[in-house]
Amino acid sequence: MIEEWLEQMKNQVNTLEELKKYINVSDDEREAIETLKTKWGTTPYFASLMDKDDPNCPIRKQVIPSLKEQINEYGMENYLVWKENRATEEIRPDSIARQYHDRVAFTVMQVCGIYCRHCFRKELVVDRDLQLNFDVEEGLAWIAEHPEIRDVLITGGDPLLLSDEKLEYLIAKLREMPHIEMIRIGSRLPIVLPHRITEGLKKAIGGFHHVPVWINTQCNHPKEITEKTAKAVYELMSCGINVGNQAVLLKGINDDVDTFRELHQKLLRTRIRPYYVFYCEPAPGIDHFRTPVEKGAELIRDALRGHTTGLAQPMYVLATNIGKIPLMPDYYIVDKNKKEYTVRNYKGEITKIPKMPD
Ligand code: SF4
């Protein structure tokens, strides 16, 4: 019998007719689907979380194409080549993106469970303007020859859509390399297709091992978290895999104080550690999702820091071609002189502490 997750992938919702089974499609949504030549689609499970009547539903906005994608005033052309340093002199396979000395991103496939409208890899996985060759063997050979690499991020597309056998092979090959200390997998499936967390998957990538596997998922709105998500995360943890979240700050979806706080509290209730909130990157065609850079730091200040459990504090970062730039709120130190610091807390209260000489 075909596994449920494969059934979900086989029945991806990616036509107007299919979508109409889940929601009352608005005129704008219909026009975007009919006129834009863009790949889109979602698992039936994730589609079932959409609000039937509200075009502003955060799930609809992440999944259904928008006419606004044609506008590109602020996005950078060839964004991915810039962001992933693909035009540098170091010779690397297409599958290897490098921004740091000791870690790389290893892209193993281009297929996803849903095609996020805000994806910064849109040129590659959604629009397919960028053609790269993701040869897994070539990537593995490159990593084997680079002993300075200690941490590999397996990414895509969505790598958890590989079969159990392929994943087992990939993880085993990396674990065989003496310089690899940890493996990370970037996957939206715990959120958009929790059915993928099967006994077979757990056996393929989990278990006690000196090279641990960490999964970072992407959840941007509390509505994306269900009982199924919670069970999938528990199953991953039960075989030694920690799950973190890398949210994207998205205008009109999670850029208000209440939603931002609820998202981070609900992640913790689901045993997912809030790890990063990414500024929505300047990739082409996603201007309508982007806030000013300062917005994320303001939300950390106004929704999280001091307002809720310390564990619910992700790092807010700007991902660039020179690595991630943390952007934390800078309101803490109000003033300093030779003798003391004046500091402010999340409520705006002020206090003073002595300043140490250098
Ligand atoms: S799942 Fe990830 S790679 Fe795929 S479209 Fe969404 S953000 Fe992009």
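The values are calculated or read from the model by the stated rules, or taken from the named source; none is laboratory data. Note that the structure is predicted; figures quoted are calculated from it, not measured. Backbone-built Cβ (ideal geometry, glycine too); neighbour counts: all protein chains shown.
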Q: Tell me, yes or no, whether the stretch 85-94 has at least one residue that is among the hydrophobic types (A, V, I, L, M, F, W, C) and modelled with pLDDT under 95.
A: yes
Q. Within the stretch 68-85, can one find any residue that is without any contact (Cβ under 8 Å) to a residue 40 or more places away in the chain and either exposed (fewer than 15 other Cβ atoms within 10 Å of the Cβ) or part of a helix (DSSP H, G or I) (or both)?
A. no
Q. Out of the stretch 97-126, which residues are part of a loop (DSSP other than H, G, I, E, B), among the hydroxyl-bearing types (S, T, Y) and within 12 Å of the ligand (Cβ to nearest atom)?
A. Y115
Q.
Looking only at residues that are part of a loop (DSSP other than H, G, I, E, B) and touching a Gly at 6+ places or on another chain (Cβ under 8 Å) in the stretch 236-260, which one is farthest from G306 (Cα to Cα)?
A. C239
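Here are some residues: G157, G139. Which one is in contact with a strand residue (DSSP E or B) (Cβ under 8 Å, 6 or more places away or on another chain), assigned by TED's automatic domain parsing to the domain that holds V192, over 23 Å from T320 (Cβ atoms) and not aliphatic (A, V, I, L, M)?
Numbers: G157 fails: over 23 Å from T320 (Cβ atoms).
Answer to the selection: G139.
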**Q.** Residue satisfying condition, being away from the ligand (no atom under 13 Å from the Cβ) and within 30 Å of H221 (Cβ to Cβ), within set D129, D94, D135
**A.** D129
Q | Index of the failed condition, N220 passing every other in (1) among the polar types (S, T, N, Q); (2) assigned to a loop (DSSP other than H, G, I, E, B); (3) in contact with a Lys or Arg (Cβ under 9 Å, 6 or more places away or on another chain) | A | (3)
Q) Are there any pairs, at least 6 apart or on different chains, whose C-beta atoms fall under 8 Å, with the first in the stretch 150-174 and farther than 23 Å from Q99 by Cβ and among the hydrophobic types (A, V, I, L, M, F, W, C) and the second surrounded by fewer than 20 Cβ atoms within 10 Å (Cβ to Cβ) and modelled with pLDDT under 95, and if so, which? A) L161/M109; L161/V111; L162/M109
